[in-house]
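Student: Below you will find the structure I want to go over with you.
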Amino acid sequence: MQSIPATNPTIPALKSKPICSLPRSLPTRAMYRPDTPSRSDWQSSCAILASKVAVLAQQQEVQKSNGTDLTSLNGHHNQTLDLVPIDPNLPRPLSITDFSPAPMHGSQLRVAYQGVPGAYSEAAAGKAYPNCEAIPCDQFEVAFQAVELWIADRAVLPVENSLGGSIHRNYDLLLRHRLHIVGEVQLPVHHCLLALPGVRKEYLTRVISHPQALSQCELTLTKLGLNVVREAVDDTAGAAEFVAANSLRDTAAIASARAADLYGLQILADGIQDDSSNVTRFVMLAREPIIPRTDRPFKTSIVFAHDKGTSVLFKVLSAFAFRNISLTKIESRPHRNRPIRLVDDANVGTAKHFEYMFYVDFEASMAEVRAQNALAEVQEFTSFLRVLGSYPMDMTPWSPSGGGAED
(Lines give C-alpha, C1' and ligand atoms only; values in the text may rest on other atoms or scores of the structure.)
Protein backbone atom coordinates (compact mmCIF):
# COMPACT_ATOMS: atom_id res chain seq x y z
CA MET A 1 0.00 0.00 0.00
CA GLN A 2 1.37 3.38 -1.01
CA SER A 3 1.89 5.72 1.90
CA ILE A 4 0.60 9.26 1.79
CA PRO A 5 3.33 11.87 2.01
CA ALA A 6 3.26 14.26 4.92
CA THR A 7 3.03 17.19 2.47
CA ASN A 8 -0.38 16.12 1.17
CA PRO A 9 -2.41 19.37 1.21
CA THR A 10 -5.60 17.62 2.34
CA ILE A 11 -4.06 15.99 5.41
CA PRO A 12 -2.15 18.34 7.68
CA ALA A 13 0.95 17.18 9.44
CA LEU A 14 0.29 15.64 12.83
CA LYS A 15 2.79 17.91 14.54
CA SER A 16 0.81 21.04 13.58
CA LYS A 17 -2.72 19.87 14.46
CA PRO A 18 -4.30 17.79 17.22
CA ILE A 19 -5.02 14.17 16.40
CA CYS A 20 -8.81 14.74 16.46
CA SER A 21 -8.66 17.64 13.92
CA LEU A 22 -10.59 17.37 10.69
CA PRO A 23 -8.83 17.76 7.29
CA ARG A 24 -9.22 21.20 5.79
CA SER A 25 -10.74 19.75 2.62
CA LEU A 26 -13.73 18.25 4.49
CA PRO A 27 -16.78 20.49 4.93
CA THR A 28 -17.74 21.10 8.55
CA ARG A 29 -20.70 22.83 10.17
CA ALA A 30 -19.80 26.05 11.91
CA MET A 31 -20.08 25.79 15.67
CA TYR A 32 -19.88 29.59 16.20
CA ARG A 33 -21.76 32.41 14.56
CA PRO A 34 -20.75 36.07 14.71
CA ASP A 35 -24.17 37.05 16.11
CA THR A 36 -23.93 34.51 18.94
CA PRO A 37 -22.58 36.03 22.17
CA SER A 38 -19.45 34.44 23.51
CA ARG A 39 -19.25 32.84 26.94
CA SER A 40 -17.31 35.81 28.29
CA ASP A 41 -20.04 38.21 27.06
CA TRP A 42 -22.71 36.05 28.72
CA GLN A 43 -20.79 35.97 32.00
CA SER A 44 -20.34 39.73 31.89
CA SER A 45 -24.09 40.25 31.36
CA CYS A 46 -24.89 37.99 34.28
CA ALA A 47 -22.45 39.88 36.49
CA ILE A 48 -24.03 43.24 35.55
CA LEU A 49 -27.52 41.92 36.24
CA ALA A 50 -26.42 40.49 39.58
CA SER A 51 -24.86 43.80 40.58
CA LYS A 52 -28.10 45.64 39.74
CA VAL A 53 -30.12 43.26 41.87
CA ALA A 54 -27.65 43.69 44.72
CA VAL A 55 -27.89 47.50 44.46
CA LEU A 56 -31.68 47.28 44.45
CA ALA A 57 -31.69 45.07 47.54
CA GLN A 58 -29.37 47.46 49.39
CA GLN A 59 -31.54 50.48 48.50
CA GLN A 60 -34.67 48.69 49.63
CA GLU A 61 -33.10 47.87 52.98
CA VAL A 62 -31.99 51.47 53.47
CA GLN A 63 -35.40 52.87 52.52
CA LYS A 64 -37.23 50.36 54.71
CA SER A 65 -35.19 51.58 57.66
CA ASN A 66 -35.87 55.24 56.69
CA GLY A 67 -39.55 54.68 55.87
CA THR A 68 -39.20 56.09 52.31
CA ASP A 69 -40.08 54.72 48.86
CA LEU A 70 -37.68 53.63 46.20
CA THR A 71 -36.88 56.66 44.02
CA SER A 72 -34.54 55.57 41.29
CA LEU A 73 -32.65 52.70 39.80
CA ASN A 74 -30.44 53.04 36.77
CA GLY A 75 -32.05 56.31 35.74
CA HIS A 76 -35.68 55.10 36.07
CA HIS A 77 -37.91 56.51 38.78
CA ASN A 78 -40.51 54.86 41.04
CA GLN A 79 -39.52 51.29 40.19
CA THR A 80 -40.68 48.53 42.50
CA LEU A 81 -39.82 44.86 42.53
CA ASP A 82 -43.01 42.79 42.69
CA LEU A 83 -42.39 39.17 43.73
CA VAL A 84 -44.90 36.41 43.04
CA PRO A 85 -45.79 34.65 46.31
CA ILE A 86 -44.61 31.03 46.50
CA ASP A 87 -47.05 28.33 47.46
CA PRO A 88 -45.64 26.73 50.63
CA ASN A 89 -47.31 23.42 49.75
CA LEU A 90 -45.22 22.92 46.61
CA PRO A 91 -42.74 20.05 46.88
CA ARG A 92 -39.23 21.07 47.79
CA PRO A 93 -36.68 20.31 45.05
CA LEU A 94 -33.88 17.91 45.84
CA SER A 95 -30.58 19.47 46.81
CA ILE A 96 -27.09 18.17 47.38
CA THR A 97 -27.89 17.69 51.05
CA ASP A 98 -30.44 15.04 50.10
CA PHE A 99 -27.58 12.90 48.81
CA SER A 100 -25.14 13.56 51.62
CA PRO A 101 -23.86 10.70 53.76
CA ALA A 102 -26.18 9.55 56.52
CA PRO A 103 -25.67 11.19 59.91
CA MET A 104 -24.40 9.36 62.94
CA HIS A 105 -26.42 6.61 64.60
CA GLY A 106 -29.74 7.94 65.89
CA SER A 107 -29.07 11.56 64.87
CA GLN A 108 -32.01 12.57 62.68
CA LEU A 109 -31.79 9.51 60.48
CA ARG A 110 -34.56 9.15 57.93
CA VAL A 111 -36.02 5.72 58.67
CA ALA A 112 -38.61 4.09 56.40
CA TYR A 113 -41.23 1.70 57.77
CA GLN A 114 -44.35 0.03 56.43
CA GLY A 115 -47.66 1.41 57.65
CA VAL A 116 -49.06 4.73 58.81
CA PRO A 117 -48.26 6.78 61.93
CA GLY A 118 -49.16 4.77 64.99
CA ALA A 119 -48.02 1.49 63.46
CA TYR A 120 -45.96 -0.90 65.53
CA SER A 121 -43.24 -0.62 62.91
CA GLU A 122 -43.02 3.09 63.71
CA ALA A 123 -42.40 2.18 67.35
CA ALA A 124 -39.70 -0.28 66.24
CA ALA A 125 -38.05 2.45 64.16
CA GLY A 126 -38.08 4.74 67.20
CA LYS A 127 -36.47 2.06 69.37
CA ALA A 128 -33.84 1.26 66.77
CA TYR A 129 -33.01 4.91 66.01
CA PRO A 130 -34.16 7.33 68.74
CA ASN A 131 -35.07 10.82 67.52
CA CYS A 132 -35.17 9.62 63.92
CA GLU A 133 -37.43 11.02 61.20
CA ALA A 134 -39.86 8.17 60.55
CA ILE A 135 -41.04 7.88 56.93
CA PRO A 136 -44.26 5.84 56.46
CA CYS A 137 -44.54 3.62 53.36
CA ASP A 138 -47.65 1.87 52.10
CA GLN A 139 -45.82 -1.33 51.13
CA PHE A 140 -42.76 -3.28 52.25
CA GLU A 141 -41.11 -2.93 48.84
CA VAL A 142 -41.57 0.85 48.92
CA ALA A 143 -39.51 0.93 52.13
CA PHE A 144 -36.71 -1.01 50.38
CA GLN A 145 -36.83 1.37 47.42
CA ALA A 146 -36.83 4.44 49.67
CA VAL A 147 -33.43 3.43 51.03
CA GLU A 148 -32.06 2.47 47.62
CA LEU A 149 -33.12 5.82 46.14
CA TRP A 150 -31.66 7.84 49.07
CA ILE A 151 -35.09 9.02 50.19
CA ALA A 152 -34.40 7.29 53.50
CA ASP A 153 -31.19 6.33 55.26
CA ARG A 154 -32.50 3.16 56.91
CA ALA A 155 -35.50 0.86 56.85
CA VAL A 156 -36.94 -1.07 59.79
CA LEU A 157 -39.08 -4.02 58.71
CA PRO A 158 -40.50 -7.10 60.47
CA VAL A 159 -39.16 -10.54 59.54
CA GLU A 160 -40.71 -12.88 62.11
CA ASN A 161 -43.17 -13.13 64.96
CA SER A 162 -42.92 -15.58 67.84
CA LEU A 163 -46.50 -16.83 67.23
CA GLY A 164 -47.27 -16.00 63.60
CA GLY A 165 -43.90 -17.12 62.23
CA SER A 166 -41.93 -15.54 59.40
CA ILE A 167 -43.04 -12.61 57.26
CA HIS A 168 -42.23 -14.34 53.98
CA ARG A 169 -42.68 -11.25 51.86
CA ASN A 170 -39.72 -9.52 53.48
CA TYR A 171 -37.48 -12.58 53.16
CA ASP A 172 -38.15 -12.59 49.43
CA LEU A 173 -37.43 -8.85 49.25
CA LEU A 174 -34.13 -9.29 51.12
CA LEU A 175 -32.98 -11.51 48.28
CA ARG A 176 -34.36 -9.30 45.52
CA HIS A 177 -32.78 -6.08 46.78
CA ARG A 178 -29.16 -5.33 47.66
CA LEU A 179 -29.63 -3.78 51.09
CA HIS A 180 -27.68 -5.00 54.11
CA ILE A 181 -28.94 -5.95 57.56
CA VAL A 182 -27.15 -3.69 60.06
CA GLY A 183 -29.10 -4.46 63.22
CA GLU A 184 -32.19 -5.98 64.79
CA VAL A 185 -34.80 -4.90 67.32
CA GLN A 186 -37.44 -6.95 69.13
CA LEU A 187 -40.75 -5.59 70.40
CA PRO A 188 -43.52 -7.35 72.36
CA VAL A 189 -47.11 -7.30 71.14
CA HIS A 190 -49.68 -5.24 73.03
CA HIS A 191 -52.98 -5.06 71.16
CA CYS A 192 -55.99 -2.89 72.00
CA LEU A 193 -59.57 -3.00 70.76
CA LEU A 194 -60.36 0.50 69.44
CA ALA A 195 -63.65 2.13 68.42
CA LEU A 196 -65.21 5.57 68.02
CA PRO A 197 -66.01 7.45 71.23
CA GLY A 198 -69.35 6.38 72.70
CA VAL A 199 -69.47 3.03 70.88
CA ARG A 200 -70.13 -0.02 73.06
CA LYS A 201 -68.86 -3.53 72.39
CA GLU A 202 -72.34 -4.96 71.85
CA TYR A 203 -72.85 -2.57 68.93
CA LEU A 204 -69.96 -4.01 66.96
CA THR A 205 -70.48 -6.21 63.91
CA ARG A 206 -66.97 -6.17 62.45
CA VAL A 207 -63.34 -6.08 63.64
CA ILE A 208 -60.55 -5.14 61.22
CA SER A 209 -56.78 -5.35 61.57
CA HIS A 210 -53.61 -6.93 60.21
CA PRO A 211 -54.06 -10.69 59.58
CA GLN A 212 -51.54 -11.64 62.27
CA ALA A 213 -53.12 -9.28 64.78
CA LEU A 214 -56.51 -10.91 64.17
CA SER A 215 -55.08 -14.39 64.68
CA GLN A 216 -53.22 -13.32 67.83
CA CYS A 217 -56.46 -12.02 69.42
CA GLU A 218 -58.85 -14.76 68.27
CA LEU A 219 -59.41 -16.37 71.67
CA THR A 220 -59.77 -13.06 73.50
CA LEU A 221 -62.36 -11.77 71.03
CA THR A 222 -64.38 -14.93 71.64
CA LYS A 223 -64.10 -14.54 75.43
CA LEU A 224 -65.36 -10.97 75.14
CA GLY A 225 -68.56 -12.36 73.63
CA LEU A 226 -68.10 -10.53 70.35
CA ASN A 227 -70.04 -12.06 67.47
CA VAL A 228 -68.21 -10.07 64.79
CA VAL A 229 -66.80 -10.59 61.34
CA ARG A 230 -63.00 -10.51 61.17
CA GLU A 231 -61.65 -8.57 58.20
CA ALA A 232 -57.96 -8.29 57.30
CA VAL A 233 -56.33 -5.03 56.18
CA ASP A 234 -52.77 -4.01 55.42
CA ASP A 235 -51.71 -2.86 58.90
CA THR A 236 -53.03 -2.27 62.40
CA ALA A 237 -52.71 1.52 62.51
CA GLY A 238 -54.27 1.72 59.06
CA ALA A 239 -57.29 -0.08 60.45
CA ALA A 240 -57.63 2.49 63.23
CA GLU A 241 -57.29 5.32 60.72
CA PHE A 242 -59.96 3.75 58.50
CA VAL A 243 -62.47 3.51 61.36
CA ALA A 244 -61.89 7.13 62.39
CA ALA A 245 -61.88 8.58 58.86
CA ASN A 246 -65.14 6.89 57.89
CA SER A 247 -66.90 7.28 61.26
CA LEU A 248 -67.70 3.57 61.40
CA ARG A 249 -69.73 3.02 64.57
CA ASP A 250 -70.25 -0.69 63.93
CA THR A 251 -66.54 -1.45 63.35
CA ALA A 252 -63.62 -1.78 65.75
CA ALA A 253 -59.90 -1.99 65.02
CA ILE A 254 -57.11 -3.94 66.69
CA ALA A 255 -54.14 -1.62 67.03
CA SER A 256 -51.85 0.08 69.54
CA ALA A 257 -52.73 2.59 72.23
CA ARG A 258 -50.73 5.20 70.32
CA ALA A 259 -53.02 4.68 67.31
CA ALA A 260 -56.00 5.42 69.55
CA ASP A 261 -54.43 8.73 70.60
CA LEU A 262 -53.53 9.70 67.05
CA TYR A 263 -56.94 9.01 65.52
CA GLY A 264 -59.21 9.96 68.40
CA LEU A 265 -60.51 6.48 69.25
CA GLN A 266 -61.41 5.01 72.61
CA ILE A 267 -59.93 1.79 73.99
CA LEU A 268 -62.71 -0.75 74.57
CA ALA A 269 -60.31 -3.46 75.75
CA ASP A 270 -56.60 -3.30 76.56
CA GLY A 271 -54.05 -6.08 76.12
CA ILE A 272 -56.28 -8.41 74.12
CA GLN A 273 -53.45 -10.56 72.68
CA ASP A 274 -53.93 -14.25 73.48
CA ASP A 275 -50.30 -14.77 74.55
CA SER A 276 -48.34 -12.18 76.50
CA SER A 277 -45.04 -13.76 75.38
CA ASN A 278 -45.56 -12.56 71.83
CA VAL A 279 -42.65 -10.74 70.22
CA THR A 280 -41.95 -9.45 66.72
CA ARG A 281 -38.41 -9.20 65.41
CA PHE A 282 -37.48 -6.35 63.08
CA VAL A 283 -34.31 -5.91 61.05
CA MET A 284 -32.62 -2.60 60.25
CA LEU A 285 -31.53 -2.21 56.62
CA ALA A 286 -28.96 0.14 55.07
CA ARG A 287 -27.22 0.67 51.76
CA GLU A 288 -23.82 -0.25 53.18
CA PRO A 289 -22.91 -3.02 55.64
CA ILE A 290 -21.37 -2.30 59.01
CA ILE A 291 -17.95 -3.52 60.08
CA PRO A 292 -18.38 -6.69 62.18
CA ARG A 293 -16.85 -6.69 65.66
CA THR A 294 -16.10 -9.19 68.41
CA ASP A 295 -16.53 -7.00 71.51
CA ARG A 296 -20.28 -7.72 71.75
CA PRO A 297 -22.69 -10.49 70.65
CA PHE A 298 -23.23 -10.50 66.90
CA LYS A 299 -25.62 -12.34 64.64
CA THR A 300 -25.06 -13.15 60.96
CA SER A 301 -27.77 -13.82 58.37
CA ILE A 302 -27.08 -15.74 55.16
CA VAL A 303 -29.05 -17.23 52.27
CA PHE A 304 -27.88 -20.14 50.11
CA ALA A 305 -29.04 -22.64 47.48
CA HIS A 306 -27.64 -25.88 46.12
CA ASP A 307 -28.11 -28.05 43.05
CA LYS A 308 -28.27 -31.51 44.64
CA GLY A 309 -31.52 -31.34 46.57
CA THR A 310 -31.94 -31.27 50.33
CA SER A 311 -29.30 -33.97 50.91
CA VAL A 312 -26.65 -31.24 51.08
CA LEU A 313 -28.48 -29.44 53.90
CA PHE A 314 -27.05 -31.83 56.51
CA LYS A 315 -23.49 -31.06 55.40
CA VAL A 316 -24.17 -27.32 55.51
CA LEU A 317 -25.57 -27.48 59.02
CA SER A 318 -22.66 -29.66 60.13
CA ALA A 319 -20.27 -26.86 59.21
CA PHE A 320 -21.81 -24.78 62.00
CA ALA A 321 -22.26 -27.61 64.51
CA PHE A 322 -18.62 -28.68 64.16
CA ARG A 323 -17.51 -25.16 65.18
CA ASN A 324 -20.04 -24.84 68.01
CA ILE A 325 -21.97 -22.05 66.26
CA SER A 326 -25.60 -21.84 67.37
CA LEU A 327 -28.31 -21.38 64.76
CA THR A 328 -31.20 -19.11 65.78
CA LYS A 329 -33.30 -19.54 62.64
CA ILE A 330 -33.58 -21.59 59.47
CA GLU A 331 -36.19 -20.77 56.86
CA SER A 332 -36.81 -22.27 53.41
CA ARG A 333 -38.40 -20.36 50.55
CA PRO A 334 -39.14 -21.56 47.00
CA HIS A 335 -36.43 -20.88 44.43
CA ARG A 336 -38.35 -18.42 42.25
CA ASN A 337 -36.04 -18.67 39.25
CA ARG A 338 -36.15 -22.47 39.34
CA PRO A 339 -38.98 -23.76 41.54
CA ILE A 340 -38.88 -27.36 40.24
CA ARG A 341 -35.88 -29.55 39.49
CA LEU A 342 -36.22 -32.56 37.14
CA VAL A 343 -34.24 -35.71 37.93
CA ASP A 344 -34.04 -38.54 35.41
CA ASP A 345 -34.36 -42.02 36.89
CA ALA A 346 -34.49 -45.05 34.64
CA ASN A 347 -36.47 -47.07 37.20
CA VAL A 348 -39.32 -44.70 38.09
CA GLY A 349 -39.24 -42.17 35.27
CA THR A 350 -38.71 -38.45 35.74
CA ALA A 351 -38.91 -37.26 39.35
CA LYS A 352 -39.75 -33.66 40.26
CA HIS A 353 -38.22 -32.00 43.29
CA PHE A 354 -38.99 -28.56 44.66
CA GLU A 355 -36.01 -26.22 44.78
CA TYR A 356 -35.54 -24.00 47.84
CA MET A 357 -33.51 -21.07 49.07
CA PHE A 358 -32.43 -21.44 52.69
CA TYR A 359 -32.19 -18.50 55.09
CA VAL A 360 -30.05 -19.09 58.18
CA ASP A 361 -29.27 -16.88 61.19
CA PHE A 362 -26.39 -17.88 63.44
CA GLU A 363 -24.82 -16.38 66.55
CA ALA A 364 -21.35 -15.33 65.45
CA SER A 365 -19.65 -12.31 63.94
CA MET A 366 -18.01 -12.40 60.55
CA ALA A 367 -14.98 -10.99 62.31
CA GLU A 368 -14.53 -14.37 64.02
CA VAL A 369 -12.34 -16.95 62.34
CA ARG A 370 -14.77 -19.77 63.11
CA ALA A 371 -17.55 -17.97 61.21
CA GLN A 372 -15.27 -17.33 58.24
CA ASN A 373 -14.20 -20.99 58.15
CA ALA A 374 -17.81 -22.18 58.45
CA LEU A 375 -18.89 -20.11 55.45
CA ALA A 376 -15.87 -21.26 53.47
CA GLU A 377 -17.00 -24.84 54.04
CA VAL A 378 -20.63 -24.00 53.25
CA GLN A 379 -19.55 -22.49 49.97
CA GLU A 380 -18.10 -25.85 48.91
CA PHE A 381 -21.54 -27.47 49.05
CA THR A 382 -23.70 -24.66 47.68
CA SER A 383 -24.27 -23.15 44.26
CA PHE A 384 -25.23 -19.77 45.71
CA LEU A 385 -24.26 -18.08 48.97
CA ARG A 386 -24.86 -14.52 50.10
CA VAL A 387 -24.27 -12.83 53.43
CA LEU A 388 -27.26 -10.60 54.16
CA GLY A 389 -25.55 -8.94 57.12
CA SER A 390 -23.47 -9.36 60.26
CA TYR A 391 -24.86 -7.12 62.98
CA PRO A 392 -25.22 -6.66 66.77
CA MET A 393 -27.87 -8.75 68.50
CA ASP A 394 -30.70 -7.04 70.34
CA MET A 395 -29.89 -7.85 73.97
CA THR A 396 -32.26 -5.34 75.61
CA PRO A 397 -34.79 -6.86 78.05
CA TRP A 398 -38.45 -6.51 77.21
CA SER A 399 -41.67 -6.69 79.19
CA PRO A 400 -44.73 -8.57 77.87
CA SER A 401 -47.01 -5.76 79.09
CA GLY A 402 -45.86 -3.11 76.60
CA GLY A 403 -44.30 -2.50 73.23
CA GLY A 404 -45.12 -3.21 69.62
CA ALA A 405 -45.65 -5.89 67.06
CA GLU A 406 -45.84 -6.62 63.42
CA ASP A 407 -47.04 -4.27 60.74
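The values are calculated or read from the model by the stated rules, or taken from the named source; none is laboratory data. Note that the structure is predicted; figures quoted are calculated from it, not measured. Here the Cβ positions follow ideal geometry from the backbone for every residue, glycine too, while neighbour counts run over all protein chains shown. Surface areas here come from the heavy atoms of the whole protein model, side chains and all, with no ligands, DNA or RNA. Shrake-Rupley method; radii C 1.70, N 1.55, O 1.52, S 1.80 Å.
Student: With respect to Thr251, is the statement that it is modelled with pLDDT of 95 or more and of a type outside the set (A, V, I, L, M, F, W, C) true? Full working, then the answer.
Tutor: Working: modelled with pLDDT of 95 or more: yes; of a type outside the set (A, V, I, L, M, F, W, C): yes.
Against the criterion (modelled with pLDDT of 95 or more and of a type outside the set (A, V, I, L, M, F, W, C)), Thr251 qualifies.
Student: Taking only the range 149-205 into account, find how many residues are in a strand (DSSP E or B), basic (Lys, Arg) and either without any contact (Cβ under 8 Å) to a residue 24 or more places away in the chain or under 29 Å from Asn246 (Cα atoms) (or both). Outline the logic, then answer.
Tutor: Step one: filter the range 149-205 for residues in a strand (DSSP E or B), giving 154-161, 165-166, 180-188, 192-195.
With basic (Lys, Arg) added as a condition, the list becomes 154.
Now narrow it down to the ones that are either without any contact (Cβ under 8 Å) to a residue 24 or more places away in the chain or under 29 Å from Asn246 (Cα atoms) (or both): none.
Count: 0.
Student: With (1) modelled with pLDDT of 85 or more; (2) open to solvent by less than 70 Å² (accessible area, probe 1.4 Å) as the list, and His335 as the residue in question, which single condition is left unmet?
Tutor: All conditions are met except number (1).
Student: Let me ask something additional. Against the condition over 27 Å from the mean Cα position of the chain (by Cα) and not small (Gly, Ala, Ser), how does Val233 come out, does it pass?
Tutor: On the way: over 27 Å from the mean Cα position of the chain (by Cα): no; not small (Gly, Ala, Ser): yes.
Criteria not met by Val233.
Student: Which residues, taken from the range 244-271, are crowded, with 17+ Cβ neighbours inside 10 Å and among the polar types (S, T, N, Q)?
Tutor: If the condition is that a residue be crowded, with 17+ Cβ neighbours inside 10 Å and among the polar types (S, T, N, Q), then Thr251, Ser256 are the ones that fit.
Student: Now, a different point. Just to verify a result, which residue in the range 285-314, among those that are outside any loop (DSSP other than H, G, I, E, B) and aliphatic (A, V, I, L, M), is farthest from Phe358 (Cα to Cα)? Spell out the reasoning first.
Tutor: So the first thing to find is which residues in the range 285-314 are outside any loop (DSSP other than H, G, I, E, B), and the list is 285-286, 298-305, 309-314.
Filter once more, keeping what is aliphatic (A, V, I, L, M): 285-286, 302-303, 305, 312-313.
Details: Leu285: 20, Ala286: 22, Ile302: 8, Val303: 5, Ala305: 6, Val312: 11, Leu313: 9 Å.
Among those that are outside any loop (DSSP other than H, G, I, E, B) and aliphatic (A, V, I, L, M), it is Ala286.
Student: Still on this structure, I have one more. Taking the range 355-380, which residues are of a type outside the set (D, E, K, R) and surrounded by fewer than 17 Cβ atoms within 10 Å (Cβ to Cβ)? Reasoning before the result, please.
Tutor: Pass one, the range 355-380, residues of a type outside the set (D, E, K, R): 356-360, 362, 364-367, 369, 371-376, 378-379.
Scanning the range 355-380 gives Ala367, Val369, Gln372, Asn373, Ala376, Gln379.
Student: Ok, one more. If a residue has to be in a helix (DSSP H, G or I) and of a type in the set (Asp, Glu) to count, how many in the range 119-140 make the cut? Steps first, answer last, please.
Tutor: Taking the range 119-140 and keeping what is in a helix (DSSP H, G or I), we get 120-128, 140.
When the remaining residues are screened for being of a type in the set (Asp, Glu), the result is 122.
Matching residues across the range 119-140 total 1.
Student: Considering the range 215-225 alone, what residues qualify as being out of contact with any Asp or Glu (no Cβ under 8 Å at 6 or more places or on another chain) and either buried (at least 20 other Cβ atoms within 10 Å of the Cβ) or in a helix (DSSP H, G or I) (or both)?
Tutor: Across the range 215-225, the qualifying residues are Ser215, Leu221, Thr222, Lys223.
Student: While we're looking at this one, here's another question. Only residues in the range 245-259 that are farther than 10 Å from Leu204 by Cβ count as the first member; pair them with residues that are of a type outside the set (Gly, Ala, Ser) and part of a helix (DSSP H, G or I), Cβ under 7 angstrom, at least 6 apart or cross-chain, and list the lot.
Tutor: Correct list of pairs: Ala253/Val243; Ile254/Leu214; Ile254/Thr236; Ala255/Thr236; Ser256/Tyr120; Ser256/Thr236; Ala259/Thr236.
So that you can scan it fast, the table gives a plain yes or no per residue for (1) open to solvent by less than 10 Å² (accessible area, probe 1.4 Å); (2) in a helix (DSSP H, G or I):
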| site | (1), (2) |
| --- | --- |
| Glu231 | no, no |
| Ala239 | yes, yes |
| Phe242 | no, yes |
| Gln273 | no, no |
| Val283 | yes, no |
